[in-house]
Every structure is written in structure tokens, then in C-alpha cells.
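Here is the structure we will look at, set down as C-alpha cells.
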Amino acid sequence: MAEQHAATFAAGLATEGLKPFVAIYSTFLQRAYDQVVHDVAIQGLPVRFAIDRAGLVGADGATHAGAFDLAYLCCLPGFIIMAAADEAELVHMIATARDINDAPSAIRYPRGEGVGVELPDHGTPLPIGKGRLLRKGSTVAILSLGSRLKDCLLAAEQLAALGLSTTVADARFAKPLDTELIKQMAQDHELLIILEEGSVGGFSSQVLHFLALEGLLDGGIKVRPMTLPDMFIDHASSDEQYKIAQLDSASIIDVVVKTLGNSELSGSASA
């Protein structure tokens with residue numbers, strides 16, 4: 001286990017103009033946090049961290065779950081942090097990180113196979129700090145970071161059957177935030193759900209902090225963050241773990257129904 005050395009060695013390579021990528025499990029990057037802060041972040045060096053096992057990891061259990069990297073990286077000044085929703089997005093994010101030469105960056109991705117989307121022939125760098133809108137609605141907005149996007153889209157389909165028009169967006173970046181997209185989602189909907197594969201203190205906290213500073217929590221918008229729960233989740237399949245964590249499509253629908261209540265559902269259905 002030489003994660004500390006890997007981080008500092010990569011920092012040294014970056015000082016000489018090379019483009020180091022550090023491929024590392026999220027849970028093991030914790031061991032190198034001091035080096036990430038002092039040898040990479042404070043120096044503003046373009047080290048690229050490819051963070052594997054982000055989120056829950058099925059049979060690998062709690063020791064290998066990548067629950068905390070969003071919380072401990074989002075607080076570092078200058079870091080650019082991405083989370084891939086699928087394998088095609090990961091290709092583009094690798095290309096994005098390759099072209100970042102003035103700041104440290106990180107890309108998080110889950111254990112396991114992709115979701116089956118068509119892979120691009122080559123990666124195209126993404127605009128830094130910009131998400132993408134996948135579905136446009138008017139009542140509920142779901143802002144997803146990472147590979148639970150498929151559950152968000154499934155939940156949106158099922159909410160539509162209940163008469164609730166739902167927007168779904170992929171944040172792509174945990175830092176910097178797409179503040180224009182977030183502001184639009186907060187202003188144009190009754191309920192904003194923020195979903196991530198990380199603990200409290202990560203992406204949702206960054207979004208809520210922005211909304212509070214902008215005064216966007218002072219009006220009628222309801223905001224519900226959906227994060228990993230305050231517990232260590234034992235070995236199970238990834239699907240079972242995310243059901244336990246209440247980050248599956250059924251849990252999203254449950255949050256919407258409980259927040260908006262039966263009157264909203266009845267009104268939407270009759271309309």
C-alpha cells in the first residue's frame with residue numbers, strides 16, 4: 001500500500017510538465033489525503049486522480065466502498081471533480097482531465113460494468129463546470145451526480161405516470177458547480193432532489209451552500225438531498241446496497257410523494 005508515495009510521485013511528475021494519472025480506489029485515496037492536500041492541491045499541480053470504486057461496491061463491502069471522496073475533495077480549493085454517469089461519459093471525462101493543465105482534477109466512477117451505452121470513437125473534452133439536461137419537466141427536478149442517473153431517469157418515467165412532470169439533469173461536475181443549471185432548476189420547479197453516491201458533506205452540501213448564499217432557499221422551493229446514509233453498508237449486491245441506502249428509483253419516487261403529498265398528485269392527475 002503506497003498511496004501516499006503515488007500522490008507525491010505524481011506531483012513531482014507534474015512539476016516537470018508530464019501529465020500524470022493516478023488510478024486509485026476511493027477508499028485507499030483516503031490514505032494519501034495529506035499528500036493530496038499539501039503536495040498537489042496547495043501547489044495547484046495538474047495531477048489527475050482516476051477514482052475507482054466510487055460509491056457502493058457490492059461484494060467488496062464497507063472496507064472498499066467509496067463513500068467519502070466527494071466530501072474530502074470538494075472542500076479543497078482549485079480542485080476540479082467529475083463523476084461519470086456511464087462509460088461514454090467516462091471517456092469524455094478522461095479527455096477533459098487530460099487537457100486540464102493548471103489544476104488538480106478527479107474523475108470518480110463505480111465498480112462493475114457500464115450501462116451499455118455506445119462508446120465514442122474518441123473522447124471530447126467537456127466544458128468545465130457544465131452539466132447536461134436530459135429531460136425537461138415543470139414540477140419535480142432531479143439533479144444527479146454519478147451513475148445513479150439511470151435510476152433518476154426511471155423514476156422520472158414513473159413519476160410522469162403519476163402526473164408529475166419531471167426534469168432530470170446530470171451535473172457531471174461536483175466542482176465547479178453548474179450554477180446556472182442549478183439556479184434554473186431551483187427557480188422553475190416545486191421540488192429539487194439532489195442525488196449522489198457519496199456521504200453527507202459532498203455534492204449535495206455544495207449545492208445547498210450555493211442555494212443558500214443566492215437566497216434561493218428563501219422562497220417556496222422544497223429541496224431534498226439524497227446521499228449515502230450515516231452507516232456502513234455490509235456486503236451485498238450493488239443493487240441491494242443501493243436499495244438499503246435508499247438511492248434507487250423506488251426511493252426517489254417515495255421522496256417525491258412524501259414531499260409533495262397526495263394533494264399535489266391528485267391535482268396533477270386531474271389536470
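The values are calculated or read from the model by the stated rules, or taken from the named source; none is laboratory data. As the structure is a prediction and not an experimental result, all values here were calculated from the model. FYI the Cβ positions are ideal-geometry reconstructions off the backbone, even for glycines, and counts take in every protein chain you see.
A few comments on the model shown:
- Scanning segment 123-152 for residues that are part of a loop (DSSP other than H, G, I, E, B), more than 21 Å from VAL257 (Cβ to Cβ) and within 15 Å of the chain's Cα centre (by Cα) yields ILE128, GLY129, LYS130, GLY131, GLY146, SER147.
- If only residues of segment 94-122 that are charged (D, E, K, R) and not in a loop (DSSP other than H, G, I, E, B) are counted, the one that is nearest to ALA23 (Cα to Cα) is ARG108.
- Close pairs (7 angstrom Cβ cut-off, 6 or more residues apart or separate chains): within 19 Å of PHE68 (Cβ to Cβ) in segment 215-244, part of a loop (DSSP other than H, G, I, E, B) and of a type in the set (Ser, Thr, Tyr) anywhere: THR227/SER199; LEU228/SER199
- Scanning segment 37-78 for residues that are under 20 Å from ASP99 (Cα atoms), of a type in the set (Val, Ile, Thr) and part of a helix (DSSP H, G or I) yields one hit, VAL40.
- Segment 1-24 - residue that is surrounded by fewer than 22 Cβ atoms within 10 Å (Cβ to Cβ) and in contact (Cβ under 8 Å) with a residue 40 or more places away in the chain and, of those, nearest to SER144 (Cα to Cα): PHE21
- Number of the exception - ALA50 against (1) touching a residue at least 60 places away in the same chain (Cβ under 8 Å); (2) surrounded by fewer than 20 Cβ atoms within 10 Å (Cβ to Cβ); (3) under 16 Å from the mean Cα position of the chain (by Cα): (1)
- Residue within segment 169-188 that is buried (at least 16 other Cβ atoms within 10 Å of the Cβ) and of a type in the set (Ser, Thr, Tyr) present: no
- If you go through segment 124-149 and keep only what is within 18 Å of ALA250 (Cβ to Cβ) and without any contact (Cβ under 8 Å) to a residue 60 or more places away in the chain, you end up with just SER144.
Rundown of residues vs (1) surrounded by 23 or more Cβ atoms within 10 Å (Cβ to Cβ); (2) at pLDDT below 95, yes/no style:
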position: ALA84; (1), (2): yes, no
position: GLU87; (1), (2): no, no
position: MET93; (1), (2): yes, no
position: ASP99; (1), (2): no, no
position: ALA103; (1), (2): no, no
position: GLY114; (1), (2): no, yes
position: LEU126; (1), (2): no, no
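- Tally, over segment 103-116, of residues that are within 24 Å of PHE49 (Cα to Cα) and free of Cβ contacts under 8 Å to residues at least 40 places away in the same chain: 3
- ALA32 being surrounded by 19 or more Cβ atoms within 10 Å (Cβ to Cβ), under 17 Å from ILE128 (Cα atoms) and not assigned by the TED database to the domain that holds LEU177: no
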